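Below: the structure, in structure tokens.
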Amino acid sequence: MPATLAQLLARPELDLTLLTDPGVGDPETLVPWAHSSELPDPTPFLSPGQVLLITKAPDEIDAYVARLAEHGVAALGFGTEVVRAGTPDALLEACTRHGLPLFEVPYRTPFIAIARFIADRVAADAYARSTWALRASRAISLAALRTLGAAGCLRGVLAIGSEGLDPAAQQVVTGVVALAGLALEQSRATDAARARLRTSVWRALIAGERALAESVAEPVLGPLPEAPVRVTVLAGTALTAAADWLESHSDGFFARDGQELVLVESDAGDPSAPSATATGPAAASRFDLRGGTSAPSALADLPTALAQAEVARQRATPKAPVPSFDDVAAAGMLALLQTPDARAVAQTALAPLTAADPALTDLLRTWLDSDGVYDIAARRLGIHRHTLRARVAEAERLLGRDLSGFAARADLYAALRATA
């Protein structure tokens, strides 16, 4: 970096003497240049931080020093034995009063020697910055080449922690941007190839070509999960981002297939340990996806597991974005009626009842919950059994079906459950 005022004063070949107290001014101030001028007001030609060299005292010393201090001049150097011997006391007093360091320059030290020392330090600093920029660019290039195509890398962010950049730093930043762009393009191409490979492996597994899938996946993607496995199907608008995240967060196999993201994860191991299939719900929560997970399955039965996952996905809600087929199966067949399609069909089937008398649906539900036994249902409803028989007969007429058989009663019960 450029020389500081303290370094300038410490150069033995210059033989400069600081006249003001060491506490006056900042000795660590960087000095970018030194000027000599005998003008009454040289400030228009000076920049803050520079050193001014003079050989005679100005007419109005106090005002002169005040202007220099206010302008930000780093120090004032007085050359002796040129116009007069020694430095004027009035000049020393004014510099002390206004906080401007004052040093004495002996006759044998030309002002050009001071300027040359400062210029050499500025040039050395510029060279050092250029060398640093070159080395940094090389290091960044090597780092970029080592990480091309690596998974789990943050993309699209470049943070510069500085208020200002000199040309050397700008050169490095330009190199970083260029290399980052190259790395991203290369990485995108690699990621796209890996994604296509994953899709091919998944389709081979679904087609029953397990040996082919394993031989293709092993060298690039690693071994396939150990059976039994669970299949998770995810859908949503952020599948690409979810797939990028899974590259570094999933221990199983995953692939993009059309508008779905499929995960195949092992369900083997310690039952008390956290399930590997927690990756699916984690991805769904992070990227606002919906899906479903199959029951444990062998790799040979992936088509069945996929169908189970699709069924479970139909039960997904904001509170349970990735339900398990285990829960769906445990709820029984009637739980599958809780879908928009089933509800629409049931409402159409029951429309004659609700149009004639909305109370008929509750009456029929109580009758069927009583196993079709009129005496029991009548007591629950608080009516006579003959009245109940008449109401059921009215429902048969409205529906156009005989409710004495099991099949008709089961169909009616399913419709009533779907609209409950």
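Annotations
- The residues listed here are ARG210, ARG230; of these, the one that is in the same structural domain as THR293 (by TED's automatic domain parsing) and either surrounded by fewer than 16 Cβ atoms within 10 Å (Cβ to Cβ) or of a type in the set (Lys, Arg) (or both) is ARG230.
- THR87 vs. criteria hydroxyl-bearing (Ser, Thr, Tyr) and closer than 24 Å to ALA3 by Cα: no
- ALA241 vs. criteria in a loop (DSSP other than H, G, I, E, B) and in the same structural domain as ALA312 (by TED's automatic domain parsing): no
- The residue that is surrounded by the fewest Cβ atoms within 10 Å (Cβ to Cβ), counting only those in segment 100-150 that are at pLDDT below 70 and more than 15 Å from VAL173 (Cα to Cα), is ARG146.
- Unique residue being closer than 12 Å to VAL262 by Cα, modelled with pLDDT of 85 or more, among the basic types (Lys, Arg) and touching a Pro at 6+ places or on another chain (Cβ under 9 Å) when the list is ARG203, ARG230: ARG230
This table checks each residue for (1) assigned to a loop (DSSP other than H, G, I, E, B); (2) among the acidic types (Asp, Glu); (3) touching a residue at least 60 places away in the same chain (Cβ under 8 Å).
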| position | (1), (2), (3) |
| --- | --- |
| ASP15 | yes, yes, yes |
| THR20 | yes, no, yes |
| GLY25 | yes, no, yes |
| GLU28 | yes, yes, no |
| LEU39 | yes, no, no |
| PRO44 | no, no, no |
| PRO48 | yes, no, no |
| LEU53 | no, no, yes |
| PRO58 | yes, no, no |
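- Candidates GLN186, GLN171 - the one that is over 21 Å from PRO281 (Cα atoms), modelled with pLDDT under 90 and crowded, with 18+ Cβ neighbours inside 10 Å: GLN171
- Candidate set: segment 317-332, residues that are small (Gly, Ala, Ser) and modelled with pLDDT of 85 or more; chosen: the one surrounded by the fewest Cβ atoms within 10 Å (Cβ to Cβ): ALA320
- Any hit, segment 380-398, residues being part of a loop (DSSP other than H, G, I, E, B) and closer than 30 Å to LEU234 by Cβ: no
- A Cβ distance below 7 Å, combined with a sequence gap of six or more or placement on separate chains, defines the contacts here; from segment 393-420, residues that are on the phi < 0 side of the Ramachandran plot reach residues that are surrounded by 15 or more Cβ atoms within 10 Å (Cβ to Cβ) and β-branched (Val, Ile, Thr) in the pairs LEU403/VAL392; LEU416/THR361.
- Verdict on ALA255 being at pLDDT below 90, surrounded by 18 or more Cβ atoms within 10 Å (Cβ to Cβ) and either among the aromatic types (Phe, Trp, Tyr) or not in a loop (DSSP other than H, G, I, E, B) (or both): no
- So GLY77, is it in a loop (DSSP other than H, G, I, E, B) and among the small types (Gly, Ala, Ser): no
- When segment 281-301 is limited to residues that are crowded, with 22+ Cβ neighbours inside 10 Å and in contact (Cβ under 8 Å) with a residue 60 or more places away in the chain, the one that is farthest from the chain's Cα centre (by Cα) turns out to be SER297.
- VAL31 falls short on exactly one of the conditions (1) over 19 Å from ARG97 (Cβ atoms); (2) surrounded by fewer than 19 Cβ atoms within 10 Å (Cβ to Cβ), and that condition is (2).
- When ARG409 is tested against (1) in a helix (DSSP H, G or I); (2) farther than 19 Å from ALA346 by Cβ, only condition (2) is not met.
- For the residues ALA85, ALA66, the requirement of being in the same structural domain as LEU18 (by TED's automatic domain parsing), among the aliphatic types (A, V, I, L, M), touching a His at 6+ places or on another chain (Cβ under 7 Å) and not in a strand (DSSP E or B) singles out ALA66.
- Filter result (over 17 Å from SER37 (Cα atoms) and buried (at least 21 other Cβ atoms within 10 Å of the Cβ)) within segment 65-94: ALA94
- Residues being more than 60 Å from the chain's Cα centre (by Cα) and surrounded by 13 or more Cβ atoms within 10 Å (Cβ to Cβ) - total across segment 390-412: 8
The values are calculated or read from the model by the stated rules, or taken from the named source; none is laboratory data. Here the structure is a predicted model, which means the values were calculated and not measured. Reconstructed Cβ throughout: ideal geometry from the backbone, glycine too, with neighbour counts over all protein chains shown.
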